[in-house]
Amino acid sequence: LAACISMLEPLFAQKQLHFDGVFGDVSIVARGDREKVMQILVNLLSNAIKFTAVEGHLRIDAAETSNLVTVTVSDTGMGIAEDKLDAIFEPFVQLNGGLTGRSGGAGLGLAISRDLARAMGGNLSAASVVGEGSSFALTLPRAAWFADTLADTTSSIGK
């Protein structure tokens with residue numbers, strides 16, 4: 001998280017956005033490919049920057065359950081209509097070009113991000129309210145849970 005935030009801080013400042021911080025337990029550890037997780041987080045943060053008006057707010061929340069870690073990127077941007085939430089994860093889909101009328105992308109970021117998350121045993125989902133903002137939740141296996149599950153599986157081999 002720290003590396004992604006550091007990488008994008010100049011964009012927060014350039015667009016005069018308020019990054020409210022990372023909330024929750026930042027010591028939790030997920031199981032996943034570091035580069036792929038960073039790619040997903042940078043995509044989510046970049047989209048939040050792109051679709052949030054000047055002086056808007058962004059935040060990250062980190063939480064865990066017994067077997068999952070969830071990192072949620074939230075913004076106070078334009079939001080997405082509920083009936084379009086599934087479509088945004090389809091390749092080449094762009095809803096309305098952002099705040100400037102042009103998004104400047106190919107519409108692949110969320111589709112690739114969801115595929116990467118699923119390939120690591122997780123998922124990527126969205127919730128949104130038009131005019132209030134969006135939240136994108138990346139879930140991945142919790143590292144300790146995965147290690148415990150693997151140990152249970154391998155200890156039963158040969159019994």
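The values are calculated or read from the model by the stated rules, or taken from the named source; none is laboratory data. Predicted, not measured: the structure shown is a model, and the values here were computed from it. FYI the Cβ positions are ideal-geometry reconstructions off the backbone, even for glycines, and counts take in every protein chain you see. Just the protein is used for accessible areas: all its heavy atoms, side chains included, with ligands, DNA and RNA removed. Shrake-Rupley method; radii C 1.70, N 1.55, O 1.52, S 1.80 Å.
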Seminar exercise, completed: Flagged pairs (Cβ under 7 angstrom, 6 or more apart or on separate chains; first in segment 2-18, farther than 13 Å from Val73 by Cβ; second among the β-branched types (Val, Ile, Thr) and open to solvent by less than 70 Å² (accessible area, probe 1.4 Å)) are Met7/Val42; Leu11/Ile49; Lys15/Ile49
Exercise. Which residues, taken from segment 2-24, are of a type in the set (S, T, N, Q) and at negative phi?
Worked result: Ser6, Gln14
For this session: Considering every residue within segment 109-119, establish whether at least one is assigned to a strand (DSSP E or B), modelled with pLDDT of 90 or more, surrounded by 13 or more Cβ atoms within 10 Å (Cβ to Cβ) and touching a strand residue (DSSP E or B) at 6+ places or on another chain (Cβ under 9 Å).
Result: no
